[in-house]
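**Student:** Structure below; questions to follow.
The values are calculated or read from the model by the stated rules, or taken from the named source; none is laboratory data. Keep in mind that what you see is a predicted model, and the values were worked out from it rather than measured. Because the Cβ atoms are built from the backbone with ideal geometry, glycine has one as well, and the counts that use them run over all protein chains shown.
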Amino acid sequence: MISVDYLIKLANNINQKLIQIYQIKSFIKYLVYPIRLPTIYQFETYKIQKLKNSEEIDISTISKQSDSLKKYKITLGKKNNVFYTLNIPCVLEFTACTNKVIN
């Protein structure tokens, strides 16, 4: 016979997994907003000083999206002095992996 304690632990584990799945889904949905990935790639391609002169994305958009990316701790920095750094570079690996799946 299965104990009640076992069923409670099982339910808690399932609940935690569902929460993780929801958080992953939310993050991916957030990340694929059209301008966010190009902004992240700007960090890979350029030094922060060069971001100010980038012609692909204007600096106000970069600043706004970089500030927004702090929600998931992808970037670090302050909006006032327009200084951001890529805090979690594995985001770029995630997109590279996605490209391998698609191709």
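**Student:** So which residues in segment 72-82 are loosely packed, with under 15 Cβ neighbours inside 10 Å and at pLDDT below 80, if there are any at all? Steps first, please.
**Tutor:** First pass over segment 72-82, keeping only residues loosely packed, with under 15 Cβ neighbours inside 10 Å: 73, 76, 78-81.
Matches in segment 72-82: L76, K78, K79, N80, N81.
**Student:** Right, here's the next one. Can you name the residue in segment 46-71 that is among the small types (G, A, S) and within 20 Å of I88 (Cβ to Cβ) and, of all such residues, is modelled with the highest pLDDT? Please lay out each step first, then the result.
**Tutor:** We begin by selecting, within segment 46-71, every residue among the small types (G, A, S); these are 54, 60, 63, 66, 68.
Still in the list and also within 20 Å of I88 (Cβ to Cβ): 63, 66, 68.
Working: S63: 74, S66: 78, S68: 82.
Among those residues, the one meeting the criterion is S68.
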